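Below is one structure, written out as structure tokens; the observations come after it.
The values are calculated or read from the model by the stated rules, or taken from the named source; none is laboratory data. Bear in mind the structure is a predicted one, so any value in this text is a computation, not a measurement. Positions of Cβ are backbone-derived with ideal geometry, glycine not excepted, and every protein chain shown enters the neighbour counts. Note: accessible area is taken over every heavy atom of the protein model, side chains too, but ligands, DNA and RNA are not part of it. Shrake-Rupley method; radii C 1.70, N 1.55, O 1.52, S 1.80 Å.
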Amino acid sequence: VNGLQARTFGVWTLLSSVIRCLCAIDIRNRTLYYITLFTFFLALVHFLSEVFIYHTAALTIGVMAPLMVASFSILGMLIGLQYLEVEELSQNKKKN
């Protein structure tokens, strides 16, 4: 890994963190919710490809931790998405 790759990965991690924090602040923003969900999918695919396709990372705790965080976050966000849709429907009924 050279310095450029390390800085690029650092900026990507920072950007993902900012997006996830903004979603936590405004959880009902559907566009932001989908973007946040996509960041977790992107992280999952990235780490899985490094382990199983490119063989540049071993399946150690350092790689397993982000895989588990991304997987559980995707699962939680997909479950949460159903509640957001139900809440949105109930709010639309109240308006009518």
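Is it fair to say R7 is assigned to a loop (DSSP other than H, G, I, E, B), open to solvent by 80 Å² or more (accessible area, probe 1.4 Å) and charged (D, E, K, R)? Give the derivation first.
Numbers: assigned to a loop (DSSP other than H, G, I, E, B): no; open to solvent by 80 Å² or more (accessible area, probe 1.4 Å): yes; charged (D, E, K, R): yes.
The answer is no for R7.
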task: State the number of residues belonging to the range 6-65 that are hydroxyl-bearing (S, T, Y) and at positive phi.
output: 0
Long-range neighbours under 7 Å by Cβ, at least six apart or interchain, first residue under 19 Å from T36 (Cα atoms) within the range 72-96, second among the aliphatic types (A, V, I, L, M) and surrounded by 11 or more Cβ atoms within 10 Å (Cβ to Cβ): I74/L37; I74/L44; M77/L37
query: So F38 fits all but one of (1) over 12 Å from the mean Cα position of the chain (by Cα); (2) closer than 24 Å to L75 by Cα; what number is the exception?
result: (1)
- prompt: Limited to the range 23-62, what total is found for residues that are open to solvent by 80 Å² or more (accessible area, probe 1.4 Å) and either touching a residue at least 12 places away in the same chain (Cβ under 8 Å) or touching a Gly at 6+ places or on another chain (Cβ under 8 Å) (or both)?
  reply: 2
task: For the range 63-75, name all the residues that are out of contact with any Leu (no Cβ under 6 Å at 6 or more places or on another chain) and either surrounded by 12 or more Cβ atoms within 10 Å (Cβ to Cβ) or more than 19 Å from C23 (Cα to Cα) (or both).
output: V63, M64, A65, P66, L67, M68, V69, S71, S73, I74
